[in-house]
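Worksheet: one structure, shown below.
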Amino acid sequence: MTTVGILGGGQLARMLAIAGIPLGLRFQVMDTVADACAGQVAPLLVGDYRDREALAEFASSVDVATFDFENVPAESAQWLSTRLPVFPNPGALAVAQDRLDEKSLFRELGIPVPDFIDVTDRASLDTAVAQVGAPCILKTRRLGYDGKGQFRIQSPADAGEAWEALGSQADEVGLIVEAFVPFQRELSVVAVRGRDSEFRSWPLTQNWHVDGILSVSLAPASVDAGLREAAEGYARRLAERLDYVGVFALELFCRGGELLANEMAPRVHNSGHWTIEGSETSQFQNHLRAVLGLPLGDTRMLGHACMLNWVGDMPDATAVLRDPAGHWHDYGKQPRPGRKVGHATLRADSAAELAAALQRTGHALGREAQVAAALACLRTGA
Ligand code: AMP
């Protein structure tokens, strides 16, 4: 019996554990809080990721370790990797944890990125804004997610306010200024690489965010073959350079037929949740296959899929449960503003049928703006 250890016990760990049941796997999850939602489906160890005693207890009960949370301290991942196999490797995790290192690697690999400059103090912020040009965004280098740790600078005069908001974090987590990209749409490549270096990716996904948090994902994104091949090529290059094992996502801005990389997530990703019902093999099962050295499953799509994220609270499930295209996921979390508590995936054989399913369920869900955005994403490809 193989036990997979997962650092981080959120919905990603929960969906990994659910996907691992048919493979006969056991799981051990570790999180800093006792009500982590993966604890409802797998044993949960509560402890700090820096606590060596807790980590040792975790290590002693698992055969291989992986992550649901990318901000596990890189030193802790490194320490664990001296005791058991850890995938993705701690070096890859460390690069993905730091926006400056990550963007520098993208650039080195020939993956286009928005202009960016490291910021160390108030004066270097002014220099960076002058060089990159406004509008731009001041972001923390580490520990930012879902649009947190970001300040939009509309004009150089906003630099003072931006420094007030984030300057105190310059020493602890570092800062970076990035050019603001007036993108037409956001895309992501979700891909997987096995222990034997086999690489596969799912069809490109189009994403729509609200306040920096993913709200809608649609797959397959309608893009021409050149763009698709470029995006897949970037993901493959990155995975090979990092000797990456497991699933990851590369988030891209699409502006005037050009792709610019925003960031990589070194784990299963919210924009790949549609793969549970919309693909021959889900991102969750393929991640497990990859970290265990098993053959990877087919990443072919089954028709067209749209994922609607439930942020803050869950809408009424009835319309989606009743719908032939509908699939419901409740993460078993308490409602809280800004918190991802569940999602629905609508899957249909054609884009027209998917649009009809969105229209049928949309009104009953009471999430008009989100459903309208999903329909607009679908029309991008019409
Ligand atoms: P991030 O935490 O970097 O993934 O940012 C969250 C969201 O903020 C992205 O998905 C975009 O919608 C937006 N965003 C981040 N960086 C930029 C940028 N340089 N230009 C325009 N929008 C951005």
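The values are calculated or read from the model by the stated rules, or taken from the named source; none is laboratory data. Just so you know, these numbers come straight off a predicted model, no measurement behind them. For neighbour counting, all protein chains shown are included, and Cβ atoms are generated from backbone atoms with ideal geometry for every residue, glycine included. Areas reflect the complete protein model, heavy atoms only, side chains present, ligands, DNA and RNA absent. Shrake-Rupley method; radii C 1.70, N 1.55, O 1.52, S 1.80 Å.
Just a few scattered comments:
- Filter pass, Q150 being in contact with a strand residue (DSSP E or B) (Cβ under 6 Å, 6 or more places away or on another chain), within 15 Å of the ligand (Cβ to nearest atom) and open to solvent by 50 Å² or more (accessible area, probe 1.4 Å): yes
- Applying the criterion of at least 2 residues that are among the β-branched types (V, I, T) to the strands (runs of 3 or more DSSP E) found wholly in region 179-286 leaves 185-193, 205-210, 213-219.
- Pair list, Cβ < 9 Å and 6+ apart or interchain, from region 240-262 residues that are within 23 Å of V64 (Cβ to Cβ) and more than 10 Å from the ligand (Cβ to nearest atom) to residues that are among the hydroxyl-bearing types (S, T, Y) and part of a helix (DSSP H, G or I): A249/S271
- Condition check for F183: open to solvent by 60 Å² or more (accessible area, probe 1.4 Å) and either over 17 Å from H269 (Cα atoms) or out of contact with any Phe, Trp or Tyr (no Cβ under 7 Å at 6 or more places or on another chain) (or both): yes
- Residue match in region 157-174 (condition: β-branched (V, I, T), within 12 Å of the ligand (Cβ to nearest atom) and open to solvent by less than 60 Å² (accessible area, probe 1.4 Å)): no
- Qualifying residue in region 177-193 (condition: modelled with pLDDT of 95 or more, more than 9 Å from the ligand (Cβ to nearest atom), over 30 Å from L302 (Cα atoms) and touching a helix residue (DSSP H, G or I) at 6+ places or on another chain (Cβ under 6 Å)): yes
- Hey, V86 over 16 Å from L292 (Cα atoms) and of a type in the set (V, I, T) or not: no
- In region 81-102, the qualifying residues are those that are in contact with a strand residue (DSSP E or B) (Cβ under 7 Å, 6 or more places away or on another chain) and part of a loop (DSSP other than H, G, I, E, B), and the one that is least open to solvent (accessible area, probe 1.4 Å) is P88.
- Only a single criterion out of (1) under 21 Å from the mean Cα position of the chain (by Cα); (2) part of a strand (DSSP E or B) is not satisfied by F27, namely (1).
- Boolean, R322 is free of Cβ contacts under 8 Å to residues at least 24 places away in the same chain and out of contact with any strand residue (DSSP E or B) (no Cβ under 9 Å at 6 or more places or on another chain): yes
- Positions within region 221-278 being within 23 Å of S350 (Cβ to Cβ) and open to solvent by less than 40 Å² (accessible area, probe 1.4 Å), in sequence order: A221, V223, L227, S271, G272, H273, W274, T275, E277, G278
- Some residue of region 188-196 being of a type in the set (D, E, K, R) and buried (at least 24 other Cβ atoms within 10 Å of the Cβ): yes
- Residue match in region 122-143 (condition: part of a loop (DSSP other than H, G, I, E, B), more than 13 Å from the ligand (Cβ to nearest atom) and exposed (fewer than 15 other Cβ atoms within 10 Å of the Cβ)): no
- Taking region 25-49 as the range and being open to solvent by 40 Å² or more (accessible area, probe 1.4 Å) and of a type outside the set (V, I, T) as the test, the residues that pass are R26, A34, D35, Q40, P43, L44, D48.
- Number of the condition not met by S282 [criteria: (1) assigned by TED's automatic domain parsing to the domain that holds G144; (2) open to solvent by 10 Å² or more (accessible area, probe 1.4 Å)]: (1)
- Wholly enclosed helices (runs of 4 or more DSSP H) of region 297-382 bearing at least 1 residues assigned by TED's automatic domain parsing to the domain that holds G212, at pLDDT 95 or above and over 20 Å from the mean Cα position of the chain (by Cα): 318-322, 351-365
- One residue stands out among those in region 67-80 that are more than 16 Å from the ligand (Cβ to nearest atom) and of a type in the set (A, V, I, L, M, F, W, C): the one that is most open to solvent (accessible area, probe 1.4 Å), which is W79.
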